[in-house]
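The values are calculated or read from the model by the stated rules, or taken from the named source; none is laboratory data. Bear in mind the structure is a predicted one, so any value in this text is a computation, not a measurement. Don't worry about glycine lacking a Cβ; one is built from the backbone with ideal geometry, like all the others, and counts go over all protein chains shown.
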Amino acid sequence: MFNAWFRRHSAVLALRAVPFHSNPVSRNARRRSTRIAAFTFAAFFVVTAGARAQSQDAQIQYDDATGVFRIDAADTTYAIGINEAKQVQTLYWGKRLATSDHLAAAHAERGASSFDPPLDTTPHEYVGWGGPLYVEPDLKITFPDGNRDLVLQYVSHRIDGNELFIRMKDVSSEVYVTLDYQADAETGILRRSAEIEDRTDAPVTIEQVFSATWNLPRGTDYRLRYLTGRWAAEWNVQEQPIHPGKTVLESRRGSTGAQNNPWFAIDHVSSNDPEHGSVWFGALAWSGSWEITVEQDQVQQVRVSGGPNSFDFAYKLEKGQTFRTPYFYGGYSSEGIGGASRLMHRLEIDSILPRAPHPPLRPVLYNSWEATEFNVNEAGQMALAEKAASIGVERFVMDDGWFGERNNDHAGLGDWKVNPQKFPHGLQPLIDKVHGLGMSFGLWVEPEMVNPNSNLYRQHPDWALNFAGRPRTEERNQLVLNLARADVRDYVFHALDKLLSENAIDFLKWDYNRNWSEPGWPQRAPEEEKEVYVDFVRNVYGIMAQLRAKYPRLEIESCSGGGSRVDLGVMHLTDEVWPSDNTDAFDRLLIQNGFTYAYTPGVMMAWVTDSPTWVNHRTLSLEYRFLSSMQGSLGIGANLNNWTPEDFATAKKMVAQYKTIRETVQRGSLYRLIEPGNGSEQSVTQYVSRDGAQTVVFAFLHSSRERYPFPRIYLRGLDPAAIYRVAELDGQVTKDTPAEASGAWWMQHGIDVNLQGDFQAAAFELRRGEK
Ligand code: GLA
């Protein structure tokens with residue numbers, strides 16, 4: 001049944017032009033028939049010379065005289081030309097140009113010498129490895145006769161509303177590449193991908209296939225920002241000047257990973273204002289091993305290329321089959337890194353999330369993990385649920401420990417049956433109780449994994465990733481199931497389908513607690529084994545998509561031992577993400593700050609947990625912990641059995657306050673006014689609602705010293721002429737702060753808060769009144 005669904009949908013997805021907010025779920029047309037492939041491309045051969053297509057939201061124009069494509073969307077212009085060598089060349093990427101501005105035809109660059117020929121100095125949109133190419137290729141192929149030379153040239157193009165397709169072909173073989181560009185009117189962000197088609201008479205092997213290359217304007221003054229991390233310490237923002245040579249951001253882990261996140265931003269070294277100046281940024285929508293290379297070449301041209309990781313990569317295309325890359329999004333902001341983040345946030349909320357453009361606000365959630373760990377049972381969870389409901393929680397999530405022989409992390413993964421000792425009547429009594437308390441019910445699963453100590457593994461030891469006859473490395477006592485296999489994929493789908501059909505589950509916390517090792521697929525022909533990197537991810541996406549189609553109200557959280565699987569690919573299928581297992585509210589300031597460089601607070605789950613924390617044994621007030629979590633999607637993960645009546649009263653008050661500001665936090669514009677880290681004693685964030693009527697400010701002090709006051713806070717994003725009234729949510733503004741003043745006042749004069757001591761926090765709100 002799954003197979004049939006997947007085949008049907010992959011063919012359909014491959015055939016139609018997909019709207020910007022649609023799901024990129026594997027457009028793997030690999031197994032579809034040649035007839036479909038031929039039909040698909042019939043349309044592409046129509047050369048739309050002189051075409052001028054306008055859509056309501058973004059404009060793509062083609063100038064027949066110059067061979068220049070111009071894409072205008074929001075504040076961005078992107079231009080591409082076909083040069084005399086029929087190469088597809090970047091002409092411009094930056095702030096929107098005047099309609100009257102004329103872009104001259106593309107000309108291949110002159111080479112620098114016989115050592116650096118024109119092929120290497122020309123900024124290609126997409127280049128095959130062939131001829132004298134020494135910079136990073138987008139596509140590298142081996143033909144059955146040993147030939148590895150691939151020289152792609154423009155053949156035709158098609159404009160369809162806000163989508164442009166450029167078709168290229170190898171000079172002497174029937175290998176075609178179709179570049180797909182779609183422009184987002186709201187943010188100006190371009191979504192790019194490439195489709196490779198083998199129309200030769202034989203199979204070809206793809207050894208490297210990127211989604212796109214982004215070329216920056218000529219310049220030497222560039223700085224790269226990227227995100228690094230590890231378990232419990234994700235989302236560190238790194239900055240480095242771009243020098244000649246190559247920086248590779250990547251995951252070789254089989255999934256996204258926390259070591260690097262597939263996001264980049266480039267600005268000028270000289271620009272120090274986070275709210276001004278040009279920033280070019282991008283992110284890959286892929287949850288498998290991935291790679292982004294940032295290369296400054298011999299003539300100091302900076303290019304950014306990315307897609308599935310080329311390390312240990314091979315994918316065989318049979319005659320007539322196609323390979324569709326994941327999407328690589330790229331955007332431009334003239335409002336500094338702050339503006340770049342806000343464009344990403346807007347794109348995610350309005351175009352990427354499953355229910356975009358109107359994804360529901362995140363409910364206030366309770367999660368049992370830190371309270372009970374594996375010690376879950378009916379009575380204990382019901383008691384927690386009652387307490388959670390009493391403070392205004394809207395969703396109750398039972399975490400790990402409810403299934404199989406799962407009493408610790410040594411057993412049970414793979415056996416997705418309710419543990420009869422812990423839940424003698426199944427899950428329904430607990431679910432009924434939770435629903436009766438007015439909350440939705442969520443459940444933890446980790447479907448891609450298996451413990452060797454499980455019935456599943458005893459029955460199917462061959463289902464785990466492995467190289468035949470070689471050791472299998474366990475991490476957290478578990479192995480990775482080979483989801484690329486059809487039978488494993490079907491098992492996982494059916495196990496989850498059964499759970500969802502038998503129990504009224506509203507939400508799955510979908511976890512993934514290790515990375516790959518020994519990624520063998522012994523049942524496959526040796527030359528096809530490496531396809532596991534792609535097929536695995538496509539099947540995970542496929543399962544999520546199929547579950548969502550069957551259970552339309554189901555919501556999913558992407559968790560991977562914290563933030564090890566957060567990317568625009570999984571975000572197409574999940575409603576929220578878990579940024580880190582580190583729930584220390586002070587550490588979280590830094591973690592959440594880095595997270596928001598690329599991803600919206602609207603999906604960023606943040607729990608209030610117990611103090612002192614398990615992480616650093618640090619003691620923090622309940623108010624501080626709440627304010628830290630209220631900067632994202634609020635959750636509670638404390639052991640409510642240990643709370644005092646005062647704790648409940650505080651929590652109830654703060655949950656109620658959060659509900660009055662959550663739309664602004666989750667959907668509004670974020671300004672990182674003072675960033676934590678780099679020795680800063682403070683952290684200040686500001687959120688402005690989409691309609692501009694509400695502003696919320698959070699301020700945190702690590703330690704005050706020598707009686708210095710907290711620095712004045714200068715707000716941003718307000719209407720200078722409008723009047724805003726201030727209200728304290730928690731903490732105090734100074735006594736000479738006016739009750740109301742103009743936007744100009746709050747932005748230019750600023751606002752002083754009373755924060756002194758260690759680990760102090762405050763929050764206040766401004767509401768716009770009459771002008
Ligand atoms: C991972 C998650 C945690 C929790 C545990 C359960 O570490 O990140 O939130 O769900 O697994 O085993």
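Yes or no: Tyr658 hydroxyl-bearing (Ser, Thr, Tyr), crowded, with 24+ Cβ neighbours inside 10 Å and touching a residue at least 60 places away in the same chain (Cβ under 8 Å)?
On the way: hydroxyl-bearing (Ser, Thr, Tyr): yes; crowded, with 24+ Cβ neighbours inside 10 Å: no; touching a residue at least 60 places away in the same chain (Cβ under 8 Å): yes.
The answer is no for Tyr658.
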Output the number of residues of the stretch 735-754 satisfying the condition of being within 30 Å of Thr619 (Cβ to Cβ) and buried (at least 21 other Cβ atoms within 10 Å of the Cβ). 2
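Using the structure shown, decide if Arg167 is in a strand (DSSP E or B) and modelled with pLDDT of 95 or more. Please lay out each step first, then the result.
Values: in a strand (DSSP E or B): yes; modelled with pLDDT of 95 or more: yes.
Against the criterion (in a strand (DSSP E or B) and modelled with pLDDT of 95 or more), Arg167 qualifies.
Within the stretch 421-431, which residues are part of a helix (DSSP H, G or I) and either at pLDDT below 95 or within 16 Å of the ligand (Cβ to nearest atom) (or both)? Even if it seems obvious, please write down each step before you answer.
Here is the first cut: in the stretch 421-431, the ones part of a helix (DSSP H, G or I) are 428-431.
None; the set is empty.
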Long-range neighbours under 7 Å by Cβ, at least six apart or interchain, first residue without any contact (Cβ under 8 Å) to a residue 60 or more places away in the chain and buried (at least 24 other Cβ atoms within 10 Å of the Cβ) within the stretch 329-347, second among the aromatic types (Phe, Trp, Tyr) and in a helix (DSSP H, G or I): none
Of (1) in contact (Cβ under 8 Å) with a residue 40 or more places away in the chain; (2) within 16 Å of the ligand (Cβ to nearest atom); (3) of a type in the set (A, V, I, L, M), Leu499 satisfies all except one. Which? (2)
Which condition number in (1) in contact with a Gly (Cβ under 7 Å, 6 or more places away or on another chain); (2) closer than 26 Å to Glu475 by Cβ; (3) surrounded by fewer than 19 Cβ atoms within 10 Å (Cβ to Cβ) is the one that Arg406 fails? (3)
Return only the number of the condition from (1) over 16 Å from Asp415 (Cα atoms); (2) more than 16 Å from the ligand (Cβ to nearest atom) that Lys509 does not satisfy. (2)
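Tyr366 - would you say it is outside any helix (DSSP H, G or I), farther than 19 Å from Gly632 by Cα and at pLDDT 95 or above?
Details: outside any helix (DSSP H, G or I): yes; farther than 19 Å from Gly632 by Cα: no; at pLDDT 95 or above: yes.
The answer is no for Tyr366.
When the stretch 373-398 is examined, which residues are found to be in contact (Cβ under 8 Å) with a residue 60 or more places away in the chain and in contact with a strand residue (DSSP E or B) (Cβ under 9 Å, 6 or more places away or on another chain)? Break it down stepwise before answering.
Taking the stretch 373-398 as the starting set, the residues that turn out to be in contact (Cβ under 8 Å) with a residue 60 or more places away in the chain are 383-384, 387-388, 390-393, 395, 397.
Selection gives Leu384, Lys387, Ala388, Ile391, Val393, Arg395, Val397.
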Qualifying positions in the stretch 668-703 - over 24 Å from His276 (Cβ atoms) and at pLDDT 95 or above: Asp691, Ala693, Gln694, Phe700, Leu701, His702, Ser703
Mind checking whether some residue in the stretch 325-333 is within 16 Å of the ligand (Cβ to nearest atom) and out of contact with any helix residue (DSSP H, G or I) (no Cβ under 6 Å at 6 or more places or on another chain)? no
So, in the stretch 126-164, how many residues would count as being in contact with a Pro (Cβ under 7 Å, 6 or more places away or on another chain) and not in a loop (DSSP other than H, G, I, E, B)? 1
Selected residue [within 19 Å of Gly188 (Cβ to Cβ) and either aromatic (Phe, Trp, Tyr) or out of contact with any helix residue (DSSP H, G or I) (no Cβ under 9 Å at 6 or more places or on another chain) (or both)] from Leu150, Leu103: Leu103
Checked Glu386, Glu373 against criteria (within 16 Å of the ligand (Cβ to nearest atom), surrounded by fewer than 19 Cβ atoms within 10 Å (Cβ to Cβ) and at pLDDT 95 or above); the one match is Glu373
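Looking at the stretch 432-441, is at least one residue modelled with pLDDT of 95 or more, on the phi > 0 side of the Ramachandran plot and within 16 Å of the ligand (Cβ to nearest atom)?
Taking the stretch 432-441 and keeping what is modelled with pLDDT of 95 or more, we get 432-441.
Next, only the ones that are on the phi > 0 side of the Ramachandran plot stay: 438.
After this cut, where a residue has to be within 16 Å of the ligand (Cβ to nearest atom) as well, the list is none.
No - not one qualifying residue is present in the stretch 432-441.
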Among all residue pairs at least 6 apart or on different chains, which show Cβ distances below 8 Å where the first residue, located in the stretch 450-474, is among the hydrophobic types (A, V, I, L, M, F, W, C) and the second is exposed (fewer than 14 other Cβ atoms within 10 Å of the Cβ)? Trp463/Asp487
Just give me the residues in the stretch 545-584 being outside any loop (DSSP other than H, G, I, E, B), within 16 Å of the ligand (Cβ to nearest atom) and not acidic (Asp, Glu), in sequence order. Ile556, Ser558, Ser560, Gly562, Gly563, Val570, Val577, Ser580
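Among the residues of the stretch 512-526, how many are within 16 Å of the ligand (Cβ to nearest atom) and under 17 Å from Ser289 (Cβ atoms)?
Let us first name the residues in the stretch 512-526 that are within 16 Å of the ligand (Cβ to nearest atom), namely 512-515.
From what's left, under 17 Å from Ser289 (Cβ atoms): 512, 514-515.
Going through the stretch 512-526 one residue at a time, the tally reaches 3.
Being within 17 Å of Asp399 (Cα to Cα), touching a strand residue (DSSP E or B) at 6+ places or on another chain (Cβ under 7 Å) and surrounded by fewer than 21 Cβ atoms within 10 Å (Cβ to Cβ), is that true of even one residue in the stretch 453-464?
no
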Checking Trp214 against (1) surrounded by fewer than 24 Cβ atoms within 10 Å (Cβ to Cβ); (2) within 19 Å of Val127 (Cβ to Cβ); (3) of a type outside the set (Val, Ile, Thr); (4) within 22 Å of the chain's Cα centre (by Cα), the condition it does not meet: (1)
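So which of Ala699, Ala651, Ala638 ends up being closer than 17 Å to Ala606 by Cα and either aromatic (Phe, Trp, Tyr) or part of a helix (DSSP H, G or I) (or both)?
Working: Ala699 fails: either aromatic (Phe, Trp, Tyr) or part of a helix (DSSP H, G or I) (or both); Ala638 fails: either aromatic (Phe, Trp, Tyr) or part of a helix (DSSP H, G or I) (or both).
The unique qualifying residue is Ala651.
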Taking Gly637 as meeting all but one of (1) buried (at least 22 other Cβ atoms within 10 Å of the Cβ); (2) over 12 Å from the mean Cα position of the chain (by Cα); (3) more than 15 Å from the ligand (Cβ to nearest atom), write down the number of the exception. (3)
Answer yes or no: is there a residue in the stretch 253-274 that is among the aromatic types (Phe, Trp, Tyr), more than 18 Å from Tyr541 (Cα to Cα) and in contact (Cβ under 8 Å) with a residue 12 or more places away in the chain. yes
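If you check Tyr724, Tyr714, which single one turns out to be aromatic (Phe, Trp, Tyr), surrounded by fewer than 18 Cβ atoms within 10 Å (Cβ to Cβ) and farther than 17 Å from Arg588 by Cβ?
Details: Tyr724 fails: surrounded by fewer than 18 Cβ atoms within 10 Å (Cβ to Cβ).
So the residue among Tyr724, Tyr714 that is aromatic (Phe, Trp, Tyr), surrounded by fewer than 18 Cβ atoms within 10 Å (Cβ to Cβ) and farther than 17 Å from Arg588 by Cβ is Tyr714.
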Looking at (1) without any contact (Cβ under 8 Å) to a residue 60 or more places away in the chain; (2) within 16 Å of the ligand (Cβ to nearest atom), can you tell me which one Val418 breaks? (2)
